[in-house]
Amino acid sequence: MRQSSIIILLATLVMLSCNQPEKFNPTIIIAGTLSNSNDKEITVYLEQEIAKTTISEDGNFRITFEAEESEYYYISTGVEAFSLFLSPGDSIFVEASLESLDDTFKLHGDLAAENTYLFEKDKYSKESGINNPIELMALNKEAYFTKKDEFFSKLSSTLDVLKTEETVNKEFIKLEEAFISYQPLYMDNQYPMYHAYIKKIPRDSVDFPMDEVKEKLRQLDLSREDLLKSGVYKSLIDSRISEEVSQLMKQDSTLKGSEEGYEKARFIAMDNLLKNQAIKDQLLFDFIKSNLEYRGPVHVKSSLEKFEVENQSPKLLAKLDEIKQKWEPIMPGKEVPDFNFVNIEGEPVKLSDLKGNLVYIDIWATWCGPCIAEHPHWDKMKEEYTDKPISFLTVSIDNSKEPWEKMVNAKNMEGLQWFAENAWKSDIAQHFMVNAIPRFLLLDKEGKVIDPSADRPSGKIRETVDKYL
């Protein structure tokens, strides 16, 4: 009797467990052994850093993080990197020697076959030169088409083999098929611009069937909500939007010559082209996000307001709110720490040395072309405000002092030339979330923020400066 009761109880538990829905497991585990590593940290990125851990002396590591859906992740350690496509609940084991990553890379666990394909795809991209636009687009039309067609033909055949596996991830296959379908069109659309630039010839003189390319672009299905994780699909939609913006600006000259005009034209273009709300939300989010991260909430106010009113994607709005919150400590009126620097004479200096003046700061580096392009405008503005209570401060975030000292001395760059130790990780770059340069800051006479991402000297900064002077 007792034994039969136990059997009945066990059977009941089995039935109950079968009837209960499987719990969602958000955890993703990436573990493995990376031998011969010079860098002792490994980092996972999804748009930004989401997880990091140390690599032990014997090469072992384990990273755990949570996710809501399948994504392509970028894994970096030192100079080496690779991508992984993973879903919530997945665990994958990576085995490689970082001295010869391409030859030793092995995967075990969930989605191992899919991610092996992804690694081989990236490896073939490098070997073939298809991922080097300067090398690829320098080829004449026939050689370019030959190389491109060979690459995508081989990639398609490899993917066909993967598709025969019964347990293959269907979303991964769909996204990789989208890459094979859309990447060639994206490259074709870029060819005339790159080729003209490399060969130093007029763009309209490049021999290329652009009418066919433009027609394919116009035939692009703009409603594929299921492809929003495909970077190249979104890039092609963005190309269509840009083409529409150009047409709008030709029709309405008042839209030209200002950020506000371009933004207005882009909104109109998106309204004209995108009828699927999820697609529209994502493309507007991408546009706002890049500007928000670089310029901050003040400079994307109208875009944010439009998104808040029109969007139907709470997750995207939450992401923008998260970025906005990061800007809170450096918004107008906030105190700025008294950062330390070294001037061109090698003397220690700090921001408080400039109190009593407005301070216009240019964060730059010697290797940055757009930074150097602003120097003539900077010098001109300095001359215009010679007798005004404003300090013009240039802060280098070069990796070392040598190239900075060499350029400052060679070009006889006058004025306040300061150097920030630790480059991108310097105190000023970290505090002001500098992720692209040139970046300009404007502080008031008390050292408080006026604008954490001020206009360039080639732009409308004089209006703001004059207001506070």
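The values are calculated or read from the model by the stated rules, or taken from the named source; none is laboratory data. Source: prediction; values computed, not measured. Glycine also receives a Cβ, built like all others from the backbone with ideal geometry; neighbour counts cover every protein chain displayed. To get the accessible areas, we keep the full protein, side chains included, count just its heavy atoms, and leave off ligands, DNA and RNA. Shrake-Rupley method; radii C 1.70, N 1.55, O 1.52, S 1.80 Å.
Some notes on this structure:
- Of all residues in segment 278-317 being hydroxyl-bearing (Ser, Thr, Tyr) and open to solvent by 50 Å² or more (accessible area, probe 1.4 Å), the one that is farthest from residue 245 (Cα to Cα): 294
- Segment 318-334: number of residues that are open to solvent by less than 50 Å² (accessible area, probe 1.4 Å), touching a residue at least 40 places away in the same chain (Cβ under 8 Å) and either of a type in the set (A, V, I, L, M, F, W, C) or in contact with a Pro (Cβ under 9 Å, 6 or more places away or on another chain) (or both): 3
- Filter result (surrounded by fewer than 19 Cβ atoms within 10 Å (Cβ to Cβ), part of a helix (DSSP H, G or I), within 27 Å of the chain's Cα centre (by Cα) and of a type outside the set (Asp, Glu)) within segment 135-155: 152
- Condition met for residue 434 (among the aliphatic types (A, V, I, L, M) and not in a strand (DSSP E or B)): yes
- Residue-level check: of (1) out of contact with any Phe, Trp or Tyr (no Cβ under 9 Å at 6 or more places or on another chain); (2) open to solvent by less than 60 Å² (accessible area, probe 1.4 Å); (3) of a type in the set (Gly, Ala, Ser), residue 391 misses just (1).
- Residue identified as open to solvent by 30 Å² or more (accessible area, probe 1.4 Å), among the hydroxyl-bearing types (Ser, Thr, Tyr) and within 22 Å of residue 29 (Cβ to Cβ) among 104, 158, 164: 104
- Of the residues screened, residue 77 is one that is within 29 Å of residue 323 (Cα to Cα), of a type in the set (S, T, N, Q) and crowded, with 17+ Cβ neighbours inside 10 Å.
- The selection criterion, being in contact with a His (Cβ under 7 Å, 6 or more places away or on another chain), closer than 19 Å to residue 361 by Cα and modelled with pLDDT of 90 or more, does not hold for residue 332.
- Out of 173, 198, 180, sole residue that is hydrophobic (A, V, I, L, M, F, W, C) and under 18 Å from residue 134 (Cα atoms): 198
- The set of residues in segment 401-433 being closer than 15 Å to residue 375 by Cα and either surrounded by fewer than 17 Cβ atoms within 10 Å (Cβ to Cβ) or under 28 Å from the mean Cα position of the chain (by Cα) (or both) consists of 404, 409, 410, 411, 412, 413, 414, 415.
- Residue count, segment 335-353 (criterion: loosely packed, with under 11 Cβ neighbours inside 10 Å, out of contact with any Phe, Trp or Tyr (no Cβ under 8 Å at 6 or more places or on another chain) and not in a loop (DSSP other than H, G, I, E, B)): 0
- Output for segment 292-327, where each listed residue is more than 25 Å from residue 69 (Cβ to Cβ) and not hydroxyl-bearing (Ser, Thr, Tyr): 295, 296, 297, 298, 299, 300, 301, 305, 306, 309, 327
- Within segment 198-222, the set of residues being touching a residue at least 40 places away in the same chain (Cβ under 8 Å), open to solvent by 60 Å² or more (accessible area, probe 1.4 Å) and either touching a Phe, Trp or Tyr at 6+ places or on another chain (Cβ under 8 Å) or not in a helix (DSSP H, G or I) (or both) comprises just one member, 207.
- Check on residue 386, polar (S, T, N, Q), within 21 Å of residue 410 (Cα to Cα) and either in contact with a helix residue (DSSP H, G or I) (Cβ under 6 Å, 6 or more places away or on another chain) or open to solvent by 60 Å² or more (accessible area, probe 1.4 Å) (or both): no
- Some residue of segment 189-197 being in contact with a Lys or Arg (Cβ under 6 Å, 6 or more places away or on another chain), more than 14 Å from residue 237 (Cα to Cα) and open to solvent by less than 20 Å² (accessible area, probe 1.4 Å): yes
- Pick from segment 254-267, criterion open to solvent by 60 Å² or more (accessible area, probe 1.4 Å) and at pLDDT 85 or above, ranking: nearest to residue 304 (Cα to Cα): 264
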